[in-house]
Amino acid sequence: MRAVLTVIGKDNVGIIAGVSNKLAELNINIVDVSQTIMDGYFTMMMCDISQINKEFDEIKSELAGKGEDLQVKIHIQREEIFNAMHKL
């Protein structure tokens, strides 16, 4: 199962390191990274969540907390929901 992870916030040192370390801690593998700096704002990636050992809502909450630490917004969404929303 895959998920789309979006990180949005003002570009700063350590965003990739912080998010990557948190994903590793949660046993989430990064499948693809697409990052862009747009007007000083950072965005990001696709993850494999098939090996997680927590509820998805708990994962969302932990990533949101990490986002607060990094002063960015982290949003994770199951790939099938993301795809359905963008087919309309």
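The values are calculated or read from the model by the stated rules, or taken from the named source; none is laboratory data. In this text, all values refer to a predicted model and were calculated from it rather than measured experimentally. Glycine gets a Cβ as well: all are built from the backbone with ideal geometry, and neighbour counts include every protein chain shown.
Within the stretch 25-48, the set of residues being in a loop (DSSP other than H, G, I, E, B), crowded, with 16+ Cβ neighbours inside 10 Å and at pLDDT below 80 comprises 44, 45. The set of residues in the stretch 1-38 that are within 14 Å of residue 63 (Cβ to Cβ), free of Cβ contacts under 8 Å to residues at least 12 places away in the same chain and of a type in the set (A, V, I, L, M, F, W, C) contains only 24.
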